[in-house]
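> Have a look at this one.
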Amino acid sequence: MFHREGQKIILGSFFLVVAIVLIAQFYIPTPWIRFTIQIAVLLFLILILQFFRNPKRIVQRSFDEILAPVDGKVVVIEEVEETEYFKDRRRQVSIFMSPTNVHVTRYAASGEIKFSKYHPGKYLVAWHPKSSTENERTTVVIRTPKFGDILYRQIAGALARRIVNYAEEGDSVQQGDDAGFIKFGSRVDLFLPLDCAITVKLNQTVTGAKTCIAAVVQKDEEREII
């Protein structure tokens, strides 16, 4: 199944590939050149289809867990000053998506959307330290029953030129549901309370709506220190 944000691109790419294959078949007499062109455009179509794939996932929803909002690799786990919304110290967990990852953004937790804002910006590589504050991005805050307010930020990468964000202030959202899409390479930052337990490690590969990123620390448990 493919994401709705890719429908026009997939359809346009399909007709373009068909046209190129037919033109090559009838107008390029040299067999190896014709074959090379046809294979190249078919591979291009396969890459487009792969990028916009949207696998259905059964979500085990829990108010006690923050699930990964995207597929990718954990590249940052640190305590930082979040300056846009909270203006205080938070735990940041950042997930980098390569062009081969599923690029659907899913809600990391159930709750109510308290803040949603788009920021135009630069297109630094997604792992650049300043990409979180200088790149094209969206900031969304969800008020959750157990974690309080959590923030996630969709960040465009060097190749991305459009971020799709479905979150609107006042919406009630469910963990694991479709929250948007980032086209062609990107990153998502999560800003979580300091007293939650981070359950992933640096360089760990995570799966959207499946991998637990953080959990509520019970009163009788020792708090995890990262």
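> Give me the mean projected area, in nm² to one decimal, of the convex hull enclosing the Cα positions of the stretch 49-99.
Numbers: hull surface 21.4 nm².
Orientation-averaged projected area of the Cα hull: 5.4 nm².
> Have a look at Lys210, Lys146, Lys183 and tell me which one the Gaussian network model of the chain (Cα, springs below 10 Å) gives the largest fluctuation.
Maximum fluctuation in the GNM of the chain, among the listed residues, is at Lys146.
> Please report, as a whole percent, how much of the solvent-accessible surface of the stretch 13-118 comes from carbon and sulfur atoms (probe radius 1.4 Å).
Working: 3770 of 5750 Å².
The computed percentage sits at 65.
> Using packing as a proxy for protection, rank 103-112, 1-10 so that the peptide with the highest average count of other Cβ atoms within 10 Å comes first.
Values: 103-112: 24.6, 1-10: 14.2.
Highest mean packing first, the order is 103-112, 1-10.
> Farthest toward the dipole's positive end in the chain, which of Gln7, Gln60, Ile28, given Cβ charges of +1 (Lys, Arg) and -1 (Asp, Glu) about the Cα centre?
It is Ile28.
> Another question, then. Quote the charge dipole size of the chain about the Cα centre in Debye, to the nearest 20; the model charges only the Cβ of Lys and Arg (+1) and of Asp and Glu (-1). Provide the component values of the computation, followed by the final result.
Details: 29 positive and 25 negative charges, 193 e Å.
Once rounded to the nearest 20, the dipole reads 920 debye.
> Another question, if that's okay. Might you tell me the accessible area per residue for the chain, computed with a 1.4 Å probe and given in Å²? Please list the in-between numbers first.
Working: 11810 Å² over 226 residues.
Roughly 52 Å² per residue, with all protein chains present.
> Could you work out how much longer the chain between Met1 and Arg57 gets when fully extended? Use 0.36 nm per residue separation minus the Cα distance between them, nm to one decimal. Numbers along the way, then the final one.
Values: separation 56, 0.36 × 56 = 20.16 nm, distance 1.15 nm.
Extra length available between Met1 and Arg57 comes to 19.0 nm.
> Now for a different question. Give me P(r) over the stretch 171-213, computed from all C-alpha to C-alpha distances, binned every 5 Å, as integer percentages.
Result returned by the calculation: 5, 13, 23, 28, 22, 8, 2.
> May I have the pair-distance distribution P(r) for the stretch 1-97, computed from all Cα-Cα distances with 10 Å bins from 0 and rounded to whole percent?
12, 24, 23, 19, 13, 8, 2
> For a quick protection proxy, order the peptides 173-181, 75-83 by their average other-Cβ count within 10 Å, most packed first. Spell out each step's value before the answer.
Values: 173-181: 19.9, 75-83: 13.7.
Answer by packing, highest mean first, reads 173-181, 75-83.
> Still on this structure, I have one more. Past 29 Å, Cα to Cα, is the threshold; run Lys73/Lys117; Lys8/Lys114; Lys146/Lys183; Lys8/Lys146; Lys8/Lys201 against it and keep the listed order. Walk me through the intermediate numbers first.
Details: Lys73/Lys117 25 Å; Lys8/Lys114 31 Å; Lys146/Lys183 32 Å; Lys8/Lys146 40 Å; Lys8/Lys201 37 Å.
Those over the limit are Lys8/Lys114; Lys146/Lys183; Lys8/Lys146; Lys8/Lys201.
> Follow-up. Pick from Ser94, Ser172, Ser116 the residue whose mean-square fluctuation is largest in a GNM of the chain, springs joining Cα atoms under 10 Å.
Ser172
> In Å, what Kirkwood hydrodynamic radius results for the chain from the alpha-carbon pair distances? Show your work: numbers first, answer last.
Working: mean 1/r = 0.0534 Å⁻¹.
Final number for the Kirkwood radius of the chain is 18.7 Å.
> Pop out the ³J(HN,Hα) list for the stretch 110-117 in order, Karplus 6.51 cos²θ - 1.76 cosθ + 1.60 with θ = phi - 60°, rounded to Hz; leave Gly and Pro as x.
Coupling constants for the stretch 110-117: 7, x, 10, 6, 9, 7, 8, 9 Hz.
> Let me ask another. Relative to the first principal axis of the alpha-carbon coordinates of the chain, what is the inclination of helix 7-27, with its axis defined by its Cα atoms, in degrees from 0 to 90 and to the nearest 10?
20
> Also, I was wondering about something else. In whole angstrom, how long is each semi-axis of the equivalent ellipsoid of the stretch 16-66, when you take the square root of 5 times every eigenvalue of its Cα gyration tensor and sort them from largest down? Spell out each step's value before the answer.
Values: eigenvalues 370, 15, 7 Å².
Each semi-axis is the square root of five times an eigenvalue, giving 43, 9, 6 Å.
The values are calculated or read from the model by the stated rules, or taken from the named source; none is laboratory data. Note that the structure is predicted; figures quoted are calculated from it, not measured. Glycine gets a Cβ as well: all are built from the backbone with ideal geometry, and neighbour counts include every protein chain shown. Protein only, heavy atoms only, side chains kept; ligands, DNA and RNA dropped before computing areas. Shrake-Rupley method; radii C 1.70, N 1.55, O 1.52, S 1.80 Å.
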